[in-house]
Each structure stands twice: as C-alpha cells, then as structure tokens.
Amino acid sequence: MAEHVTGEGRIAATFAAAAAERRAALVIYLTTGWPSPEATLRLVPALEEAGADLVELGVPFSDPIADGPIIQRASYRALQQSVTPRRCVELVAQLRAGGVRLPLILMGYYNPILAWGVRECVGACREAGVDGLIVPDLPPEEAGELWGATRGHGLALVPLVAPNTPQARLARIAERARGFLYLVSRPGTTGLRDRLPEGLADYVARARRASRLPLALGFGISNPAQAREAARLADGIVIGSAIVERAAQGPDAVAGFVRELRAAVAREG
Amino acid sequence: MQPKPMLETRTLPDARGYFGAYGGRFVPETLIAPLDELAAAYAEAQADAGFRRELEHLLQTYAGRPTPLYLARRLTAHAGGARIYLKREDLAHTGAHKINNTLGQGLLARRMGKRRVIAETGAGQHGVATATVCALLGLECTVYMGTADMARQAPNVERMRLLGAEVRGVDGGSRTLKDAINEALRDWASTYEDTYYLLGSALGPHPYPLMVRDLQSCIGREARDQILAAEGRLPDVAIACVGGGSNAIGLFHVFRDDPVALVGVEAGGQGIDTGRHAARFADPHRGRPGVLHGTRSYLLQDEHGQVAETFSISAGLDYPAVGPEHAYLRELGRVRYTWVRDDEALAAFRLLARVEGIIPALESAHAVAEALKVAATMDAGSVVLVNLSGRGDKDLAHVSSLSKGVQREAADG
C-alpha cells in the first residue's frame with residue numbers, strides 16, 4: 001500500500017488489501033497504557049508483525065459504559081498511571097516514529113474529547129498519525145461537531161450500529177460513515193462470550209444493503225473458532241477483551257494469539 | 001430583580017431532549033432503540049386518562065399524597081425572619097419523594113409489558129422506592145449499588161432485600177452512585193427486551209429528565225395550592241437541595257412562571273476550596289459542561305475529562321453531574337444555585353430534630369440550612385418554602401458514627 005496514504009485512505013486501503021487476499025481484515029483492540037505505556041509501545045509493533053491489519057487503541061475513561069469487566073479494569077489501571085488522551089496521542093506519534101504503518105484508530109468516550117476541545121483533539125490526532133476515531137457513546141444525532149472536525153482533517157469517524165438499529169436508521173448512519181461500519185455483534189457490552197449470537201448472517205446482510213463500506217463485526221468475539229465464523233460473514237472482525245486479557249503476559253503471548261486469529265480469518269477455498 | 005416570564009421552558013425539552021445546550025442522548029447505539037420505545041410509550045401513557053387515573057389513585061391511597069405543608073413556627077422563630085414552611089415529602093411512603101417517580105415509571109414498565117425492573121441507588125432511597133413499587137406491581141427487581149454505599153447504608157440494603165429485590169454490589173470505579181448507574185446502563189444494554197430501567201433522578205438520556213420532572217411535579221403543584229390556601233399568596237422564595245435534582249425540579253417547574261425566587265442547594269462537602277464536595281456549579285475549575293450517563297450538563301471533572309470523585313456527608317447528593325434542566329435554569333438566571341457545607345447541613349439536621357421534632361434526611365438538611373440563612377435576611381411578612389425531600393432515619397447510624405469520630409479525635413487530641 002502507498003506509504004503516503006493516511007487517515008481514511010489508509011483504512012480503505014487496508015480493507016481493500018485484505019479483500020484482495022480473500023480474507024477478513026483483523027482488527028485488534030488494546031487499552032492504551034495497559035499494562036503500561038511502555039508495554040503499548042512494544043505491543044503494537046508485535047501485533048503488526050504477527051499479522052494484525054488495523055489496531056484500535058482504547059483511550060481510558062473513568063466511566064466506560066459500553067465496556068465489560070476486562071476492558072473496564074484495564075482502563076481503570078491505565079488511568080491510575082495517568083494515561084490521559086494527550087498521552088495516548090503522544091504514544092501514537094511514538095509508534096509512528098518507530099515505524100508502525102498499519103492504521104491506528106483511537107476508540108474513546110466523548111467527554112475527554114470535549115474536555116480537550118473537539119477541534120484541538122482531532123488536530124492533534126491528525127498530527128500524530130491517528131487515522132480514525134470511534135466514540136461509542138456518541139450517536140450520529142450528537143456527532144455533528146466531531147463529524148465536521150474529522151472530515152476537515154481526512155480522519156474517519158467510524159460509527160457503530162447494533163442488531164436493534166432499525167433499517168432506516170442504519171441507512172442514515174451508513175450514509176455518513178467513513179472508513180468502515182462497526183457492527184456491534186450483540187446487545188450489551190464488550191467482553192468474552194461462549195458463542196456468537198444467533199441471526200448474525202441476517203444482520204450482516206441488512207448492513208450490506210445499507211452500505212458499500214467494509215463491515216467489521218465486534219463485541220464478544222473471543223477465540224479463533226469464533227473469529228473464523230465471523231470472518232465468513234464480515235469484511236473485518238474486531239477482537240478486544242480477549243487481547244486485553246492477554247496483554248499483561250507480554251508481546252510474545254499476544255503475538256502468538258494474533259497469529260492464530262490471522263490464520264482463522266483466512267477464508268478457505 | 002423580578003424573574004422574567006419563561007414561556008419557552010414549558011415546551012422544553014425539544015424533540016432531541018435538549019434544554020438549551022443541555023441534555024440530549026449520549027449513549028451507545030444499542031440503547032437508542034430502547035430509549036425511542038420508552039419515549040413513545042411514555043407519551044402514549046400520558047395521553048391516556050386511565051393511566052393518569054391509576055397513578056393518581058396510587059399516589060393518594062398508597063403513597064400518602066398529598067403530603068402536608070407545615071408552618072415550622074419554632075424553626076421560624078429560631079431563624080428570626082420570614083415564615084418557613086416545610087413541604088413534607090418525608091411523610092410520603094418509603095420516606096422520601098422518590099416514590100412519586102417510581103410509581104409512575106413502575107406503572108409504565110408494566111404497561112410496556114416488561115417483567116423485570118432495574119435501578120441504581122446511592123443512599124438507597126431510590127432503590128427502596130423501586131423495590132417497593134416492584135413488590136406492589138409484581139415485577140422482578142434488581143438494584144445496583146456501589147459497595148462503598150452498601151456499607152454506608154446497610155439498613156436500606158436490608159429493606160430492599162426484604163421487599164424482594166436483588167441488590168447487586170458494584171465494585172468498579174469509586175463504588176458509589178455513578179458506578180451503579182454505569183452498571184445499570186450496561187445491564188440494560190443487553191436486557192432491554194424484557195427489562196425496564198427505572199432511573200431515579202432528573203438526569204440520564206432523554207426522555208428520563210422529562211419523565212422524572214413530570215412525575216415529581218406533584219410536589220410543586222400541591223405546595224403551590226397549599227401555600228395559597230394557608231397564606232393567600234405565593235411564597236417569596238422556594239428552596240430545594242440538588243443532587244441529580246429530581247425533588248428540586250419537581251418544585252421549581254411549577255413555580256417557573258411565578259414571581260417566586262428559586263434556590264437550589266448543592267452539597268458543599270468540606271468546602272469548595274478543599275476540592276472535597278459535590279457542588280457542580282460552584283467549582284470554577286472542575287465544574288464544567290460535559291457528558292456523563294447519556295446527558296450533557298455541568299459535570300465535575302479533571303482537566304482531561306475524567307469524572308471527578310465527589311464528596312458529601314449525604315450519599316444522595318454525592319454525584320458528579322446535575323440534571324440538564326438545572327444547568328439550563330442556571331444559565332437563564334431563573335434559579336440561584338448555592339451550596340451548603342457538611343457541618344452546616346449537620347447542624348440543620350440536629351436543629352430541626354430539636355425544635356420541630358422532625359428528623360430530615362441529610363440531603364434535605366442542606367435545603368433547611370439555606371432556608372435558615374435566607375429567612376434571617378427577610379422580614380416577618382415574608383414566606384419561605386422548603387422542600388423537605390426525605391426523612392432522616394436512614395442517616396442516624398452515619399450521623400452517630402460521625403459524632404463518635406469527633407469525640408475520639410477530641411480524646412486523642
């Protein structure tokens with residue numbers, strides 16, 4: 001992929017490259033600063049090396065209402081080490097300086113962005129080499145200011161849709177989406193689950209009708225078997241809690257797991 | 001200055017749940033459809049005379065409404081100025097105004113065909129009022145409560161369990177009310193099909209601030225009629241404590257167009273300068289508009305947008321954000337917001353017990369403390385109305401442990 005492409009373009013190129021290899025893109029979520037800021041600097045290159053296509057860096061927040069216990073705990077510990085939104089953006093700049101080239105998306109709640117200043121925050125993200133943002137508590141009705149700011153900087157603002165999002169609303173969300181559409185696989189929070197939910201194929205088909213963008217499935221995908229199943233349906237799969245749970249074991253353990261996931265998302269035949 | 005007529009407040013919130021720049025719906029996408037369903041069901045219920053009749057009937061025969069308006073003569077004499085009236089929400093069933101809201105939303109839950117109700121609670125008053133209504137209506141009930149609050153408010157935990165509710169301790173974050181709300185929202189995001197989230201204050205995503213205001217407005221409507229009957233005139237000042245702000249909005253909403261000064265009292269904790277308080281409007285550094293629990297309002301936060309820890313002697317005021325309509329009323333200048341320290345509230349708590357034989361909730365004691373200050377500056381022909389939002393039995397153990405602590409410190413010293 002062309003090295004100068006950044007932001008929305010880098011995300012699009014990444015999904016296109018995975019599709020050309022006839023596989024789903026592997027999106028990996030990490031809580032920034034967990035177990036330490038230094039660990040984040042070691043983990044992301046290890047993930048890239050192991051075959052992750054895109055990394056979401058969670059920005060710690062005191063009240064993460066969309067997250068289950070694993071990410072809540074990691075977020076809380078990271079906050080205790082003063083991992084502020086500015087620190088997260090600095091870490092991205094350091095990762096870029098260290099040669100990390102895969103798309104990096106910051107995933108964080110809205111209040112820290114508001115407190116920083118929407119324009120200032122997006123400008124700093126752009127500067128550091130962030131390619132997009134995901135804000136789980138910001139539905140499109142409230143996203144006007146952030147939408148304008150990210151658009152101005154060529155960053156993707158990736159919206160989430162849920163299984164209970166009505167079709168007309170899904171179409172409205174898809175119309176403004178950039179980068180990809182994040183399909184929350186099930187009701188509830190992030191976290192480990194025993195199996196994928198029922199009706200996933202219909203749900204993905206519904207999203208296909210509404211959007212030509214790549215579709216990434218996330219929330220609850222916990223192991224290679226589930227990843228394989230989800231990768232048959234979607235253009236990308238997101239693994240979060242299962243990674244965060246292993247992050248404390250160090251880059252090698254996480255990289256090994258990511259290699260298994262990468263093998264799983266390759267479509268047979 | 002005479003308050004200007006505020007016709008616009010009658011039509012607010014707007015369709016997106018905004019009061020001016022405050023309110024809205026900042027929630028994960030999964031909760032949008034359940035909130036839409038809730039808003040539609042509430043509008044339909046409100047338009048249904050049968051629903052309103054059943055609620056009214058239960059408010060009278062079950063909750064004990066109307067609650068009395070009481071002229072506190074000895075308290076008035078103590079303050080030495082305006083006549084002080086107390087609106088006795090402490091006499092409502094379960095001992096606080098919370099039952100007004102839980103009866104209304106409980107009936108709505110049943111009407112929507114939900115079999116299970118979840119709620120958050122801080123001091124336990126809303127949890128008890130929710131558990132009570134669930135027992136009354138035959139609904140399953142789960143109450144989320146921070147483990148720090150469970151320790152502080154053990155009798156209310158017992159009460160909820162006796163009423164058949166499951167109390168789930170929340171160990172995350174500061175282990176108080178805000179964390180209980182986080183956990184209730186997480187529960188609801190996966191259970192909304194058969195579960196109703198019964199939010200206890202005038203906060204959260206639209207339509208909660210609207211619904212809770214409507215359901216608590218019986219306080220203001222009754223008080224207005226009662227004071228007109230007793231005094232032949234409106235009060236000069238009406239005062240209420242403000243945590244999330246449900247008892248205050250229930251009072252203020254009714255007087256909004258009247259020439260009545262309105263005063264909201266926040267928890268000053270150990271003083272604004274100490275940083276140990278819950279006064280969102282009073283702290284120029286940390287109290288700024290922000291987003292928490294689905295709504296944009298004034299929020300105590302650090303410079304990075306992390307929600308700040310709060311502090312108050314009263315668990316019911318110990319919350320970092322305030323209902324969005326209060327932020328709007330403050331911006332308009334319609335309500336004056338002030339704060340009262342823990343020690344002042346505690347003194348008012350003891351005084352009211354001693355001179356009137358009424359033990360107020362520590363929350364309500366904040367409003368009483370402010371009333372004493374205000375009344376003292378007014379002449380004997382003036383009238384001050386105080387919303388006594390709850391009774392203080394729940395606080396006895398806490399207050400006596402505080403005074404023991406003081407004695408110990410004195411002995412150590």
Sequence-distant aspartates and glutamates (8 or more away, or on other chains) whose Cα lies within less than 13 Å of residue B:178: A:63, B:120, B:149, B:309, B:318
Cα centroid of the range A:16-70 to Cα centroid of the range B:172-188, whole Å: 26
Extension gain, residue A:82 back to residue A:119 (0.36 nm per residue minus Cα-Cα distance, nm): 11.1 nm
Distant-in-sequence amide H partners of residue A:7 (H built 1.01 Å from N, under 5 Å): none
Value of relative contact order over chain B, rounded to a whole percent, pairs C-alpha under 8 Å and six or more apart: 20
The range B:237-359: C-alpha gyration tensor shape, a/c 1.5 cut-off, then a/b vs b/c: oblate
Euclidean distance of C-alpha centroids, the range B:301-376 and the range B:265-279, integer Å: 9
nm² value of the averaged projected area, convex hull over the Cα atoms of chain B: 19.5
Spin-label model distance (nm) - residue B:373 vs residue B:115, 7 Å beyond Cα toward Cβ: 5.2
Value in Å of the Kirkwood radius, where the range B:27-180 supplies the Cα pairs that are averaged: 17.3
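I need the fraction of alpha carbon pairs in the range B:156-205 separated by more than 12 Å, rounded to a whole percent. Provide the component values of the computation, followed by the final result.
Numbers: 860 of 1225 pairs.
That fraction is 70 percent.
Computed over the Cα atoms of the range A:222-269, what is the ratio Rg over Rh, Rh following Kirkwood?
Across the range A:222-269, the Cα-based Rg/Rh ratio is 0.99.
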Centre separation in Å (Cα based) which lies between the range A:114-144 and the range B:218-245: 45
For the range B:244-302: accessible area per residue (Å², 1.4 Å): 26
Three-way shape call for the range A:132-251 based on the alpha-carbon gyration tensor, with the a/c threshold at 1.5: oblate
Point-to-point label distance, residue A:96-residue B:171, nm (Cα→Cβ direction, 7 Å offset): 4.0
Chain A - mean residue ellipticity at 222 nm from DSSP helices (-39,500 (n - 2.57) per run, n ≥ 4, rounded to 500): -14500 deg cm²/dmol
Computed helical MRE - 222 nm, chain B, DSSP H runs ≥ 4 contributing -39500 (n - 2.57), nearest 500: -14000 deg cm²/dmol
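Given Cα pairs under 8 Å that are at least 6 residues apart, what percent is the relative contact order of the range A:7-264?
25
Once neighbouring chains are kept in place and the probe is 1.4 Å, which whole percent of the accessible area of the range B:257-413 is contributed by carbon and sulfur?
On the way: 2960 of 5730 Å².
Carbon and sulfur atoms account for 52 percent of the accessible area of the range B:257-413.
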Under 5 Å, built H, 5+ apart or other chain: amide partners of residue B:141: B:117, B:166
Unit Cα scatterers, Debye sum, the range B:284-323: log10 I(q)/I(0) for q = 0.33 Å⁻¹: -1.17
Residue among B:324, B:205, B:68 with the largest mean-square fluctuation in a Gaussian network model of chain B, springs linking Cα atoms under 10 Å: B:68
Under 24 Å from residue B:404, Cα to Cα: lysines that are on another chain or at least 8 residues apart: B:394
Stokes-Einstein translational diffusion, the protein assembly as shown - Kirkwood Rh over all Cα pairs, 0.890 mPa s, 25 °C, in µm²/s: 94
For the range A:17-164, the spread of Cα positions along each principal axis, largest first, Å: 37, 36, 34
Chains B and A, summed buried accessible surface - 1.4 Å probe, Å², nearest 100: 2700
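From the mean inverse distance of alpha carbon pairs (Kirkwood) and the Cα radius of gyration, derive Rg over Rh for the range A:7-264.
0.92
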Rounded if a/c under 1.5, otherwise prolate or oblate - the range B:291-413, Cα gyration tensor axes: oblate
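The values are calculated or read from the model by the stated rules, or taken from the named source; none is laboratory data. In this text, all values refer to a predicted model and were calculated from it rather than measured experimentally. Cβ coordinates were reconstructed from backbone atoms using ideal geometry, including for glycine residues, and neighbour counts include every protein chain displayed. The protein model used for the area step is the full one, side chains on, heavy atoms only, and it has no ligands, DNA or RNA in it. Shrake-Rupley method; radii C 1.70, N 1.55, O 1.52, S 1.80 Å.
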